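Notes for the one structure printed next.
The values are calculated or read from the model by the stated rules, or taken from the named source; none is laboratory data. Note that the structure is predicted; figures quoted are calculated from it, not measured. Neighbour counts run over all protein chains shown; Cβ positions are idealised from the backbone, glycine included. All accessible areas refer to the heavy atoms of the entire protein, side chains included, with ligands and DNA or RNA removed. Shrake-Rupley method; radii C 1.70, N 1.55, O 1.52, S 1.80 Å.
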Amino acid sequence: MTYTIKGKTGEWELVIGLEVHCQMISNAKLFSQSSTQFGSEPNNNVSFFDAAFPGILPVMNEKCVEQAVKTGFGLNATINKFSQFDRKNYFYADLPSGYQITQLYHPIVTDGFIDITDDQGEPKRVRVNRLHIEQDAGKSIHDRHPHKTYIDLNRAGVGLMEIVSEPDIRSPEEAGQYLRKLRAIVRFLETCDGNMDEGSMRCDANVSVRKVGEEGYRTRAEVKNVNSVRFVMQAIEIEANRQIEIYENGGTVKQETRLFDADLGETRSMRSKEFAHDYRYYPDPDLPPLVLTDEYIEKLRANLPELPDIKKKKYVEELNIPEYDASILVAEKETSKYFDEAAKGRDAKKVSNWIIGDLFALLKEEGVHISKSPITPENL
């Protein structure tokens, strides 16, 4: 049965698109040599460029280009040999320059997809519109002083991949599956660590609702910067119910950006949703277009690691692991690596059962990640 929400005037379905911001794994920021180390003292990892001193020019970090291209392969997408950087103009205290360098008109990656299963367990393809490279902003800290906001620019200028799906997702569970799959892909590729609790992977959910059978899309609201898969799923359901209640009471939904409060179980308005012309985009005059050669692209393709879907298929077809168990084994690169080593010369299905059952239970009890397991694969 398709996921729907029953309202006073009938049944409603959800239309969801996700924008996921992934910080790229790199020792330096996107356009400066400042460190990207997480947890440094506030404002320690800040260059003159990050602080927007006049006359300081950006210098492209090739490692970030490489990470974006590799992720594009993981998304089954087109790698564009020509891409261009634009300035997105807006003022905020954690963006000292007054603009963000991003890619609006010519992104580096387009037309990809991620395969999941729908709520009936059937295969479903979620299209990925684009992946573009941009700078992260700094961090505003509101809880250190009753009347002041503190600014930490350590994150300002860190390279981000913004991965934008088409509005193909129809339930909170499908959104959770998409996010978990995307996180597994970037972790296997080692292009992003996927740590949502540290803010290196963050999700904006675009949510709208419509009556079952209705054509077209209604006004969407964006729930901004949600930092866990579970919270994304909760935020979608809560926001959908809010919109249904508005429509059933004769109101209209505003196009706006909203914040999710997990403690109160609600979304609340942050600002009206801006359009592209509000940001006065134009090509960045300090950066030439990014032009990739076929040779460069093919070299990166040739060195890709085995991706989760390929490993999962191998586990199912060659090792007779049940599909659900195989999905668990490839959810994290470290788990897959542990299983591969432990299964050498042994009954793979018994090894899988032991890892998913006994080992996971022990590790959870001790609060230890599998990469730090006191029981090594060799000593199984």
When ARG144 is evaluated against the numbered criteria (1) surrounded by fewer than 16 Cβ atoms within 10 Å (Cβ to Cβ); (2) farther than 28 Å from ASP50 by Cα, which criterion, by number, is the only one it fails?
-> (2)
Does the range 207-226 contain any residue that is open to solvent by less than 10 Å² (accessible area, probe 1.4 Å) and among the polar types (S, T, N, Q)?
-> yes
Out of the residues in the range 334-380 that are assigned to a helix (DSSP H, G or I) and of a type in the set (Ser, Thr, Tyr), which is modelled with the lowest pLDDT?
-> SER371
Can you tell me which residue within the range 113-141, out of those that are of a type in the set (D, E, K, R) and open to solvent by less than 20 Å² (accessible area, probe 1.4 Å), is modelled with the lowest pLDDT?
-> ASP136
Among the numbered criteria (1) among the basic types (Lys, Arg); (2) surrounded by fewer than 16 Cβ atoms within 10 Å (Cβ to Cβ); (3) closer than 30 Å to TYR92 by Cα, which single criterion is violated by ARG258?
-> (2)
Selection status of GLU306, under 21 Å from LEU179 (Cα atoms), out of contact with any Phe, Trp or Tyr (no Cβ under 8 Å at 6 or more places or on another chain) and touching a residue at least 40 places away in the same chain (Cβ under 8 Å) = no
Restricting attention to the range 315-333, which residues are open to solvent by less than 80 Å² (accessible area, probe 1.4 Å) and assigned to a helix (DSSP H, G or I)?
-> TYR315, VAL316, LEU319, ASP325, ALA326, SER327, ILE328, LEU329, LYS333
Residue check for GLY194: touching a helix residue (DSSP H, G or I) at 6+ places or on another chain (Cβ under 6 Å), assigned to a loop (DSSP other than H, G, I, E, B) and open to solvent by less than 50 Å² (accessible area, probe 1.4 Å) | yes
Any chance ILE101 is in contact with a Ser or Thr (Cβ under 8 Å, 6 or more places away or on another chain), in contact (Cβ under 8 Å) with a residue 60 or more places away in the chain and open to solvent by less than 10 Å² (accessible area, probe 1.4 Å) = no
